[in-house]
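The values are calculated or read from the model by the stated rules, or taken from the named source; none is laboratory data. All values reported here derive from a predicted model rather than from experimental measurement. Cβ sites come from the backbone with ideal geometry, for glycine too, and all protein chains shown count toward neighbours. We work out accessible area using only protein heavy atoms, side chains counted, and drop any ligands, DNA or RNA first. Shrake-Rupley method; radii C 1.70, N 1.55, O 1.52, S 1.80 Å.
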Amino acid sequence: MGKLIATDISGIIHELRIKEEDFLLAFFELVINAIQAIAEKGDTRNGKIDIYVEREEHDEDLFGGRVIKSVRIEDNGIGFTDKNYESFTRSHSTKKADIGGKGVGRFAVLSVFEEMRVSSTYKEDSLKKIEFTLNREDGLSEPSYPKEETENVTGTTVYVSKLNELFKEKSASYDLESIADNILEHCLLYYLTKQAPSIAIHEGDETINLSSQFSVNDFIDEIYKDTVKGQEFQLYFVKGNKRRVHQYSLCANNRVVKSKNVPTVFPLFSSPIIEDNKPVFIRIYVISDYLNEIVNMSRNELDFPKRKESENSSRLYESDVDTIVVQAISSIFKQNVEQRKENTFKKIASFMAKDAGLPYRHLTISDNFLEGVSDDVKDEEIDEKLHALSYKKSVESRAKCQKLLDRDYSNKEDYQKLLKEVVDATTDEGNLQLAQYIAKRKTVIALFEKFLAWMEATKDYTEEKTLHNLLFTMGGSNATVPYDKHNLWLLDDRLTFFGFITSDKAIRLHAPLEGLTDCGKETDIAVYDVPFIYGEKGDYGVINAVLIFELKRPGRLLTYEEFSKQMREQTLGIRSGKKVNEEGKVIRTNDTVPIHFYYVVDENAYGAIKGDAKMENFSETPFHSLYRTVNNTTQEILTYDSMLVNAKRRNQIFFTKLGIQNVL
């Protein structure tokens, strides 16, 4: 009879790559071998398996529990017949190939426990007994055949010991109940198909009988069958209240190989099913001859083909099995799934009605999208999901647009259909961007209002810089602050599209006038409207209008004379300059160029200035401001409060259309 050598064992163990979290694989192999031995004997009804666990007396403090020292498993199966022993001596034996055996189970056990002692009673012409040892160091010992009297029953006792250091901490984490639960789960298909013998697990005075804890009629809730790409699948649905998540397990040769949480492939089915006011989770066992064929040697992975873009889709991938699971759940729990969709849709609609959901209101929420959202979803996840959907739609829109541009007009029907899709998609995307910008305006108005209220309540007027930066970054220009990033629309909506804006710079440093005036007066904010008009030869550029804003610190005492002096110096400084543009053409500022000068103050300063201003031909407008025009110069004195009210009024129609008006 053949004898295995240590180097063979080490090589095979290395090839199996058993990981620390696979510690219980040794238990599974021993139990499955015992079940198969009983099945080979042909007496499953009277079959019996006893598992005895022994732990170390020390190391509890080191590993957080007592390390498993040894395991003994006894069965009343067929025993190590000559044929069985011959198969045992050869690695990768094919004796059990028809029931999923890979011929490497004992090496998986030796990956965890370094020594295995076997004592077996079997029957050839008469009852015989065989004993041998298998360990990592010395390989397989020569068998002995004791002549002492044997009991009139066949069976095998396997004793494993010398736990590998890698698995000590993990072994300490499993108490007897968790070991029993895992064995039951791993061998559950034997119970489901009524092929399981009596199995009991013992430790000290404690015994757990797996068979007495399991009833097929109570356990199986539904059976679902489907055929995909020529492969037949059966799905067993089992309910329980011990689990905390819906799961499904891919099984091969009556064993659980790989388990997944249902929400990873069907997020909508995340929360428990409620039955009799109690939460219940389902477990699905997926069985197929296809899975039997692709299970690996260690029986801890399934070798699904890797998907390639150009590959024939007739191959069956792991994602196809995931789809079967989703379809099975949707079919068996149809009413429950529809209710989840309805509840999830309401949560999404509620989120979209809030400020945070504003950018996504153009999106259409499909069933497929709902299935990808957890039914116990929170607003943060809804935001992430909708953002991803919006981005996906944007990419699709651009792709369709490019396709439209690349297509000829030969098929007018197809072209018109694609054109409609592109127009609809780009309109939605444009609406999204507009909604985001309007929402930003609403937020800025709210911040502006709170800041003014804070200054008034605290009488702290030293934060002029903060107020200034809320409108426009101090020291910035249109080159550093794009139109959609500043908030000058609070002052005047025309400022969003004027050609040049500068803040807190001397007039001689303003780009349109740089080098053409020596005026050193600083404007808080100056805005130049510099369009370019193109002709054949008479191309020229002019400054069409200039807007100047002076933001005066609230709480500051002001007089009309101060206003008048500052206004005169700044308007005269601007009118004195000329500028050549980048094409060498003259940009002129002269008496005909209108200048709009805004002077923004608090209510006290406004009251102090108003009397003298009216004496100088200022008129008070319905918008709580003082206004006059002199020599193409428009002058307006207004308060921060009136600026706030006017900004609200100008934008109110947009806020109303977007459903966010109540926030102001």
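Some points to look at:
So that you can scan it fast, the table gives a plain yes or no per residue for (1) among the acidic types (Asp, Glu); (2) assigned to a helix (DSSP H, G or I); (3) over 19 Å from GLU569 (Cβ atoms):
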site	(1), (2), (3)
TYR598	no, no, no
LYS610	no, yes, yes
ALA613	no, yes, no
ASP641	yes, yes, yes
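- Criterion applied to SER212, SER249, SER259, SER198 was being farther than 27 Å from MET116 by Cα, open to solvent by 40 Å² or more (accessible area, probe 1.4 Å) and touching a strand residue (DSSP E or B) at 6+ places or on another chain (Cβ under 6 Å), and the one residue passing it is SER259.
- Residues of the stretch 262-290 that turn out to be in contact with a strand residue (DSSP E or B) (Cβ under 6 Å, 6 or more places away or on another chain) and surrounded by fewer than 21 Cβ atoms within 10 Å (Cβ to Cβ), as a count: 4
- Summed over the stretch 143-177, the residues that are at pLDDT 90 or above, acidic (Asp, Glu) and under 25 Å from THR121 (Cβ atoms) give a count of 0.
- Scanning the stretch 149-185 for residues that are open to solvent by 20 Å² or more (accessible area, probe 1.4 Å) and assigned to a helix (DSSP H, G or I) turns up GLU165, LEU166, LYS168, GLU169, LYS170, GLU177, SER178, ASP181, ASN182, LEU184, GLU185.
- On inspection, ILE282 passes the criterion of being assigned to a strand (DSSP E or B) and either at pLDDT below 90 or over 20 Å from SER366 (Cα atoms) (or both).
- For GLY42: the one exception among (1) on the phi < 0 side of the Ramachandran plot; (2) at pLDDT below 90: (1)
- Within the stretch 327-366, the set of residues being of a type in the set (Ser, Thr, Tyr), part of a helix (DSSP H, G or I) and either in contact with a Gly (Cβ under 9 Å, 6 or more places away or on another chain) or loosely packed, with under 15 Cβ neighbours inside 10 Å (or both) comprises SER331, SER350.
- Per the conditions (1) among the basic types (Lys, Arg); (2) under 28 Å from ILE68 (Cα atoms); (3) touching a Ser or Thr at 6+ places or on another chain (Cβ under 7 Å), the sole criterion not satisfied by LYS168 is (3).
- Hits in the stretch 40-73 - residues which are open to solvent by less than 60 Å² (accessible area, probe 1.4 Å) and not in a loop (DSSP other than H, G, I, E, B): THR44, ILE49, ASP50, ILE51, VAL53, ARG55, PHE63, ILE68, SER70, VAL71, ILE73
- Among the residues of the stretch 191-248, the ones that are among the aliphatic types (A, V, I, L, M), modelled with pLDDT of 90 or more, assigned to a strand (DSSP E or B) and under 30 Å from the mean Cα position of the chain (by Cα) come to 2 in all.
- Residue check, LEU268 on the phi < 0 side of the Ramachandran plot and out of contact with any Asp or Glu (no Cβ under 7 Å at 6 or more places or on another chain): no
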